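The values are calculated or read from the model by the stated rules, or taken from the named source; none is laboratory data. Keep in mind it's a predicted model, so treat the numbers as computed, not measured. Neighbour counts run over all protein chains shown; Cβ positions are idealised from the backbone, glycine included. Heads up: the accessible areas ignore ligands, DNA and RNA and are worked out on the full protein's heavy atoms, side chains in. Shrake-Rupley method; radii C 1.70, N 1.55, O 1.52, S 1.80 Å.
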Amino acid sequence: MGVNSQTDAPIADPLSEKPVVSYEKLEEIFDDIRGHQLYDHEIHGCLNCGICTATCPSAHYYDYSPREIVQLLWTENLEGIYDAMQEKIWACAQCYTCAARCPFENSPGGLVMIMREVAIKHEMDSAKEVLRPFSRVLLKVVSTGNQLAPNMITKEAFPDWGPNVAKIDAPLMVLRKAIPMPTMHTLDTAWEVNLRASVELYTIWEETGVLDQLEAVDENLFDVVSDVMDEKREEWEEWLEEQAEDEDED
């Protein structure tokens, strides 16, 4: 069933507890994808040649095909688009090999990114399931400005390292103190982030809607992040007040 179908028959959503998805909802999702400011830049047609899929690393290991993504969008296959958003779009590694090889200069990877954004906007269960494991990393970014810190690297978290995981048993604090920059002499962060930079980053997230997206996929994490942001802003305001008082005394 494509975009021209006249039926209003709902379809099942394999990951949601809700039993059906209406045709109006399918149209709404596709309109959000097509209305994205980058959409027309990422798709220009399709020869159905398969070069993108032939060179795609993810296609070799997952039920994923860049060509399928382009074809679904180009033919406005609403049900197929919705189905792909339940699992397939999350298999893309965003390497953009497909974009480099496509004779039509399509970017399946770019289209997948748009579809992911729309999946988050519509609070799809697939988005919540995929993003949930990254909550710890996101909280680390918000609270410290660092994506990864030495104390997050544990043997339990990286079993695939094999024999090299033994290096984690090294005295990390001793090794960190050997780094020339004093700001890196800690295990809690990879580097020190200026308080003002943190506050500015929070403002950017608010203005660009990132926090709204976070609330949609993980409300508990959103609450924690909001508390951290409020504390950082209070610290910043207190610092500004102290600087103003010092200037008045001078």
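List of remarks:
- Only one entry in GLU76, GLU117 is over 28 Å from LEU201 (Cα atoms), surrounded by 13 or more Cβ atoms within 10 Å (Cβ to Cβ) and acidic (Asp, Glu), namely GLU76.
- Taken as a whole, the condition of being out of contact with any Leu (no Cβ under 8 Å at 6 or more places or on another chain), open to solvent by 70 Å² or more (accessible area, probe 1.4 Å) and of a type in the set (Phe, Trp, Tyr) applies to TRP161.
- Segment 183-203, subset touching a Phe, Trp or Tyr at 6+ places or on another chain (Cβ under 7 Å) and modelled with pLDDT of 85 or more, residue nearest to ARG233 (Cα to Cα): VAL199
- Residue within segment 167-185 that is open to solvent by less than 90 Å² (accessible area, probe 1.4 Å) and in contact (Cβ under 8 Å) with a residue 60 or more places away in the chain present: no
- Per-region count, segment 11-54, residues at pLDDT below 90 and open to solvent by 70 Å² or more (accessible area, probe 1.4 Å): 7
- Failed condition for GLN94, given (1) over 20 Å from VAL210 (Cα atoms); (2) of a type in the set (S, T, N, Q); (3) in contact with a helix residue (DSSP H, G or I) (Cβ under 7 Å, 6 or more places away or on another chain): (1)
- Residue in segment 192-200 that is within 25 Å of GLU117 (Cβ to Cβ), surrounded by 10 or more Cβ atoms within 10 Å (Cβ to Cβ) and without any contact (Cβ under 8 Å) to a residue 40 or more places away in the chain present: yes
- Residue among GLU219, GLU207, GLU234 that is more than 21 Å from the chain's Cα centre (by Cα) and open to solvent by 100 Å² or more (accessible area, probe 1.4 Å): GLU234
- All of (1) over 30 Å from ASP125 (Cβ atoms); (2) without any contact (Cβ under 8 Å) to a residue 40 or more places away in the chain; (3) small (Gly, Ala, Ser) hold for ALA157 with one exception: (1).
- Residue match in segment 212-226 (condition: out of contact with any Leu (no Cβ under 9 Å at 6 or more places or on another chain), over 12 Å from VAL142 (Cβ atoms) and among the hydrophobic types (A, V, I, L, M, F, W, C)): yes
- Inter-residue pairs, beta-carbon under 9 Å, first more than 23 Å from SER126 (Cβ to Cβ) and in segment 201-220, second open to solvent by 40 Å² or more (accessible area, probe 1.4 Å), 6+ apart: LEU201/VAL193; TYR202/LYS232; TYR202/ARG233; ILE204/VAL210; GLU206/ASP212
- If only residues of segment 120-158 that are within 13 Å of the chain's Cα centre (by Cα) and small (Gly, Ala, Ser) are counted, the one that is surrounded by the most Cβ atoms within 10 Å (Cβ to Cβ) is ALA127.
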